[in-house]
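Coordinate-derived values only; no laboratory data. Owing to the predicted nature of the structure, the values given are computational and were not obtained by experimental measurement. Heads up, the Cβs are rebuilt from the backbone with ideal geometry, glycines too, and the neighbour counts pull from every protein chain shown.
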Amino acid sequence: MFPAAGLGTRFLPATKAQPKEMLPLVDKPIIQYGVEEAVASGANNIILVTGRGKNAIEDHFDVSVELETFLEARGKRDQLFEVRKISSMMNLSYVRQGEALGLGHAVLVTRDLVGDEPFAVILADDVIDADPPATKQLIEVFERLKGPVLAVERVPREDISSYGVVAFEPNTRLGEGIYQVRDLVEKPPKEEAPSDLAIIGRYVLTPDIFPCLAKTKSDRTGEIQLTNGLRELLKSRPIYACEVKGVRHDTGNKLGFLKAVVYFALRRPDLAGKFAEYLTSLDLTAAAKR
Ligand code: UTP
């Protein structure tokens, strides 16, 4: 499940009329990185939670008959393959979140579509380059421990207040980088954060999260937080946290986005050489002083 109904205010004005999930990292929209990760992790049913102004996401994953006919007629086989791949990767369903009432609410509106099965939540803004894919790493822990699993990452203290943070029990039997969650707190002031383990945009959840979210009140920002729903769920079952092995870019903010563009461009055989040449030619000492 991909919650993609947020307003993307940190990326204005680019996100005034287009979703942040459609901003490209080199030549592929952010959301496609996430969908490819889900498919590579074994998911073939994808639910996208969208809202007003998000039609471009639906169009991106749709078959484009005119474009395919055009590329076929011109003999552009490689591009035709790329375009067909996007619409044939998986089954897609869309749910509208009428109002952006928070991530917890976005998950709650998928309740009927998800039904009575475990499911993964992927926040596409967190683009994670990992092998095995980040979601697959969580699924492996889920299958072994039979409980909800949250992806976490150690973040510097000064950044911790931007995240949900977990308090955990030391338990070496669970495996390296895997913790049993004792408590969760959404965006704590840095002096109150219970650890430096921040929740990042991947979760494997069980359907009993839905009644917990239905019970969760909106916080003082008016949003229903997934972290608070998980806190409710923690009263009835163990929840685990897993440090994902890979490189994460938070593309929902401008600096994180720019870093991700450079990172992925330098991994592209058709661009890396010339792009690296350009980067090394820049006078970075002068730029850093600005
Ligand atoms: P963010 O915290 O990044 O919020 O949401 P945002 O609105 O997308 O962006 P900013 O902070 O205004 O710049 C985390 C994830 O939850 C989804 C977002 O689309 C994003 O994937 N979300 C958030 C929803 O689907 N619905 C909501 O009501 C809120």
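For labels at E58 and R144 in the simple 7 Å Cα→Cβ model, what's the distance in nm?
About 4.1 nm separates the two model spin labels.
Translational diffusion coefficient, Stokes-Einstein: compute it for segment 206-269 using the Kirkwood radius over C-alpha pairs as Rh, at 10 °C and 1.306 mPa s, and state it as an integer in µm² s⁻¹. Could you put the intermediate results ahead of the total?
Numbers: Rh = 14.9 Å.
The calculation lands on 107 µm²/s.
Can you give me the distance in nm between label points at T280 and Y263, each placed 7 Å from the Cα along the Cα-to-Cβ direction?
Simple spin-label model gives 2.3 nm for this pair.
What fraction, in whole percent, of alpha-carbon pairs in segment 76-225 exceed 27 Å separation? Display every interim value, and only then the final one.
Numbers: 3445 of 11175 pairs.
That fraction is 31 percent.
Output needed: percent of Cα pairs per 10 Å distance bin for the chain, bins running from 0 to the one holding the longest distance.
Bins of 10 Å from zero give 6, 25, 35, 22, 10, 2, 0 percent of pairs.
Please report the antiparallel percentage of the DSSP beta bridges confined to the chain, to the nearest 5.
The antiparallel fraction comes to roughly 70 percent.
Give me the three principal axis extents of segment 39-96 from the C-alpha atoms, as integers in angstrom, largest value leading.
Computed over the Cα atoms, the extents are 37, 29, 11 Å.
How far is it, in nm, from the label point at V155 to the one at D183 when both lie 7 Å from their Cα along the line to the Cβ?
If labels sit at V155 and D183, their model points lie 2.0 nm apart.
Picking from T69, F81, A43, whose Cα lies most toward the positive end of the charge dipole for segment 38-86 (charges on Cβ: Lys, Arg +1; Asp, Glu -1)?
With unit charges placed on the Cβ atoms, the residue in question is A43.
Over the chain, what relative contact order in percent results from Cα pairs under 8 Å that are six or more residues apart?
Numbers: 495 pairs, mean separation 63.5, N = 290.
Relative contact order here is 22 percent.
Please report Rg (one decimal) and Dmax (integer) in Å for the Cα set of segment 165-211.
When restricted to Cα atoms, segment 165-211 yields Rg and Dmax of 12.2, 34 Å.
Quick check: residue separation of D129 and L7 times 0.36 nm, minus the Cα distance between them. What number comes out in nm? Don't jump to the answer; show the numbers that get you there.
Working: separation 122, 0.36 × 122 = 43.92 nm, distance 2.49 nm.
The span from D129 to L7 would gain 41.4 nm if fully extended.
Beyond 21 Å, what share of the Cα-Cα pairs of segment 33-153 is found? Please give it as a whole percent. Don't skip to the answer; put the middle values down first.
Working: 3576 of 7260 pairs.
Distances greater than 21 Å cover 49 percent of the Cα pairs.
Would you mind pulling out the separation of the Cα centroids of segment 41-90 and segment 111-168, in Å?
Here the answer is 26 Å between Cα centres.
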